[in-house]
Structure formats: structure tokens, C-alpha cells
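Q: Okay, here's the structure, questions in a sec.
The values are calculated or read from the model by the stated rules, or taken from the named source; none is laboratory data. Note that this is a predicted model, so its numbers are computed, not measured. Counting neighbours? That spans all protein chains shown, and the Cβs are built from the backbone with ideal geometry, glycine included. The accessibility values were calculated without ligands, DNA or RNA, using every heavy atom of the protein model including side chains. Shrake-Rupley method; radii C 1.70, N 1.55, O 1.52, S 1.80 Å.
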Amino acid sequence: MTELSGLEAVFDANRIALKRFLRARLRNDDDANDVLQDLWIKIRALDAGPISEPLAYIYRMADNLVLDMKRAGGRRAARETAWVEGHMAGTPTAPADASPSAERVLIARDYLRRVEKRIDALPERTAYAFRAVRIEGRPQKDIAAELGISLSAVEKHLQRAYREIVIVHDELNADSEGAHRHSVKGMTDDG
């Protein structure tokens, strides 16, 4: 296993306290687990220099993710209310064409294909835990009981899967930056 450094080590050392903090803010274990996992992904993907107060920084990141989740829930509730009211009145409120562009569909399919390939290459328990929690929406404690392992072990399996997703994300960013540089260079060479 690779050695954790910087914010990752601070996160790992304070994971239980962070989870308690999130559970108190969200009042829901599943939401707290989701935010904790999102926080881990953000920390893994973060490319920052030294941070003077890393624990305070992590708590601020966690608090921001909680606020984002609450805002998204409010927007979702407003959309659902508007949709129901619009359909009750007989006038749909959805835009005429809400479908994504063909380019976005292709990018999403490529991303999904790469993520599936990475998840399939993981050890069986890790892939199973990831799919059960993130795709099927099953609680981590149920997976722990089913596999006969601790909740912490389930979280470690999920973190391993998330690291693979971060790698895919980084690869796609590198691919798109390379394509962008190539197209910009082509424009300057021709023009």
C-alpha cells in the first residue's frame, strides 16, 4: 500500500471525528458516508502546496460539501415541485430539449467505460463493495455484515476504488488538455 502524505494522512488520522462531524451536520449516516467519500476523492485529487492548518482546511472542505449537498437537495425539491405543479396544470415545465449533446454522450460513455474497466480490474471484494454501495445504494454497514468485515474495511475498499476513479479522471483531463493544446497549436500554425 502506498504511504499517505499531507492532507491524506491528516484525513486518515481524523476520519472518525470527521464522520461524527458530518453525521451531526447531516443527521443521516448514508449522507455522512457519501460526503466523507466525496471529501476523500477531493483530497486525493487536490494539487495544493503546504497548508498551514490542514485539519481546519479539511473541516472547511467537509462543511462546503455539506452545504453543496443541502443546496442540491433544495434545488431538487424545487424542480420536483415545479414539475408536479406544471404537470398538474397540464403544462410541462421541462425545456423542449433537455438531452445532452452527442459530444457529451460520447465523453460520458468513454468515462464510464474506463471506470468500469478500472473497477473490474480491482480485487473482487473491492469491486463488489464499490458497486453495492455506490451503484445499488446499499448501506456500508450491510456490506460489512455480508462480507464479514468491519465498516472500516469496507471504507478502505471504497477508498481503493475511488483512487482508481481519480486516476481515470486525471487521465481524461490529461487527454483533453493534450487535445486542446494540439488544436490550439494547429490554429496558430495555420493562421
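Q: Which of the lysines could a cross-linker span from Lys141 if the Cα-Cα distance has to be under 30 Å and same-chain partners fewer than 8 positions apart are dropped?
A: Lys19, Lys42, Lys70, Lys117, Lys156
Q: In sequence order, what are the phi-derived ³J(HN,Hα) couplings for region 28-39 according to the Karplus relation 6.51 cos²θ - 1.76 cosθ + 1.60 with θ = phi - 60°, rounded to whole Hz, with x for glycine and proline?
A: 7, 4, 5, 5, 4, 5, 4, 5, 4, 5, 4, 4
Q: Could you put Thr81, Thr126 in order of accessible surface area, largest first, with the 1.4 Å probe and the full protein assembly present?
A: Thr81, Thr126
Q: Report, to two decimal places, the Cα Rg of the chain normalised by 2.2 N^0.38 Å (N = number of residues).
A: 1.26
Q: Hey, another quick one. Under a 5 Å amide H to amide H cut-off, with H placed in plane at 1.01 Å, what residues pair with Arg138 once short-range neighbours are removed?
A: Under 5 Å from the amide H of Arg138 lie the amide H atoms of Val133, each far enough along the sequence or on another chain.
Q: On to the next question. On a 1.4 Å probe surface of the protein chains, which of Ile58, Ile51 comes out largest in accessible area, and what is the full order?
A: Ile51, Ile58
Q: Still on this structure: Once ligands and nucleic acids are excluded and a 1.4 Å probe is used, how much of Met61 is accessible, expressed in Å² to the nearest 10?
A: Answer for Met61: close to 30 Å² accessible.
Q: Decide, for region 22-111, between rounded, prolate and oblate: order the square roots of the alpha carbon gyration tensor eigenvalues as a ≥ b ≥ c, take rounded if a/c falls under 1.5, and otherwise choose prolate if a/b is larger than b/c, else oblate.
A: oblate
Q: Under 13 Å from the 7 Å Cα→Cβ point of Ser5, by amide nitrogen: which residues of region 37-71?
A: 47-50
Q: Restricting to DSSP loop positions (anything but H, G, I, E, B) with no more than 15 other Cβ atoms inside 10 Å of their own Cβ, which trypsin sites (Lys or Arg not before Pro) remain in region 13-86?
A: Here the sparse-neighbourhood loop sites are Arg27.
Q: Per residue, what accessible area does the chain have, given a 1.4 Å probe and all protein chains present, in Å²?
A: Accessible area per residue, the chain: 66 Å².
Q: Roughly how much of Glu164 is accessible, in Å² to the nearest 10, using a 1.4 Å probe?
A: In the full protein context, Glu164 sits at about 40 Å².
Q: Can you classify region 114-163 as rounded, prolate or oblate using the Cα gyration tensor, where a ≥ b ≥ c are the square roots of its eigenvalues, rounded means a/c under 1.5, and otherwise it's prolate if a/b beats b/c and oblate if not?
A: Prolate, because a/c is 1.5 or more and a/b exceeds b/c.
Q: Calculate the FRET efficiency for Lys141 and Tyr57 from the Cβ-Cβ distance with a Förster distance of 25 Å, rounded to the nearest 0.05.
A: It comes out at approximately 0.30.
Q: Given the whole protein assembly as supplied and a 1.4 Å probe, what does the accessible area of Ile167 come to in Å², nearest 10?
A: Ile167 has an accessible surface of roughly 60 Å² with all protein chains in place.
Q: For the chain, which whole percent of the accessible surface, found with a 1.4 angstrom probe, sits on carbon and sulfur atoms?
A: Percent of accessible area from carbon and sulfur atoms in the chain: 54.
Q: With a 1.4 Å probe and all protein chains in place, put Ile43, Ile135 in order of accessible area, largest first.
A: Output order, biggest surface exposure first: Ile135, Ile43.
Q: Test of understanding: what is the full-extension gain from Ser150 to Leu112, defined as 0.36 nm times their sequence separation minus their Cα-Cα distance?
A: Taking Ser150 through Leu112 to full extension adds about 10.8 nm, to one decimal.
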